[in-house]
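Only one structure is covered here, and it is reproduced in the block below.
The values are calculated or read from the model by the stated rules, or taken from the named source; none is laboratory data. Just so you know, these numbers come straight off a predicted model, no measurement behind them. Neighbour counts are summed over all protein chains in view; Cβ atoms, including those assigned to glycine, are modelled from backbone coordinates with ideal geometry. Surface areas here come from the heavy atoms of the whole protein model, side chains and all, with no ligands, DNA or RNA. Shrake-Rupley method; radii C 1.70, N 1.55, O 1.52, S 1.80 Å.
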Amino acid sequence: MSKRWNQERKEDLYYQKAKKEDYRSRASYKLLQLNKRFKIIRKGDRILDLGAAPGGWSQVALEAVGEEGLVVAVDLQRIRPFVEDNFKAIKGDFTTADVKKDIISALGGPVAVVISDASPKLSGIKDVDQMRSMDLFLAVMEICDSALRYNGSLLMKLFQGPQFPEILKVVKRKFRNVKTTKPPSSRKKSVEMYLVARGFYGL
Ligand SMILES: C[S@@+](CC[C@H](N)C(=O)[O-])C[C@H]1O[C@@H](n2cnc3c(N)ncnc32)[C@H](O)[C@@H]1O
């Protein structure tokens, strides 16, 4: 990372807040704000967190589900465990068949909510990055088909670009209620958007 990036990060309000309040990432505030507004995660829910390292969203999800719930988190990077024993981490690529199988067996049943803050590794080549982003989106959709319960919810990060309308069309075929939003903690200059989809029709 560049010196400027590091400097900007340190001056960032949410970065400092995360340090002070002991959250693993500034991204925690995105989920806190989205969940406060849309009431996506409830006590006792079973949650699947895709693209979860270092674990900021999982931490918020664990607080929201309480002891009765479960959070299964997946990332290419190792996710440091939490003290709670209703947390399971899987290290791997969720676009692959093997990891999808591991996810299903770790969940032990359909989940109420799938959350995904996954970002593709950016190459700087527009077409390649859009394709990577689309691959992640399609993998999340496939995982919803096999792991999300009827009437369940999906919260997912997306990047605005030419594929955005097509992506929305696909999601609207699978969910009754679909909204896009940007929480206050998402940097204004970032092209990320969050999709809140509720009322999964199931297969
Ligand atoms: C912005 S970070 C997630 C931050 C996290 N929500 C938090 O609050 O700590 C995006 C993550 O997506 C992960 N990722 C990207 N593609 C992935 C894939 N195919 N399988 C698993 N993880 C992936 C990256 O490794 C990265 O850790």
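Counting only protein heavy atoms and using a 1.4 Å probe, the accessible area of Lys169 comes to about 120 Å². In the range 36-125, the alpha-carbon atoms span a convex hull of 109 Å³ per residue.
For the chain, modelled as a GNM whose springs connect Cα atoms under 10 angstrom apart, the maximal fluctuation among Glu11, Glu84, Glu67 occurs at Glu11. A crude spin-label estimate for the pair Ser119 and Lys36, with each label 7 Å from Cα along the Cβ direction, gives 2.2 nm. Across the protein chains, with a 1.4 Å probe defining accessible surface, the residues Asp135, Asp98, Asp49, Asp145 rank Asp98, Asp135, Asp145, Asp49 from largest area downward. Hey, how many Å between the Cα centroid of the range 45-71 and the Cα centroid of the range 128-143? That distance is 22 Å. When its C-alpha radius of gyration is set against 2.2 N^0.38 Å (N residues), the range 25-200 gives a value of 0.95. Put simply, the amide H of Ala73, placed in the peptide plane, has neighbours under 5 Å in Asp49, Lys88, Ala89, Ile90, leaving out anything fewer than 5 places away on its chain. Backbone geometry of the range 161-177 corresponds, through the Karplus equation with coefficients 6.51, -1.76 and 1.60 at θ = phi - 60°, to 3J(HN,Hα) couplings of x, x, 8, 4, x, 5, 4, 4, 4, 4, 5, 5, 6, 9, 10, 6, 10 Hz, x marking Gly and Pro. Residues whose amide H comes within less than 5 Å of that of Leu148, counting only those at least five positions distant or on another chain, are Val111 (H built at 1.01 Å from N in the peptide plane).
Across the accessible surface of the range 95-200, with the other protein chains kept in place and a 1.4 Å probe, carbon and sulfur atoms take up 55 percent. Over the chain, accessible surface divided per residue gives 56 Å², non-protein components excluded, 1.4 Å probe.
Taking all protein chains as shown and a probe of 1.4 angstrom, Ile90 keeps an accessible surface of around 20 Å².
Around the amide H of Ser116, modelled in the peptide plane, lie the amide H atoms of Leu50, Leu155, Met156, Lys157, all under 5 Å away and 5 or more residues distant in sequence or on another chain.
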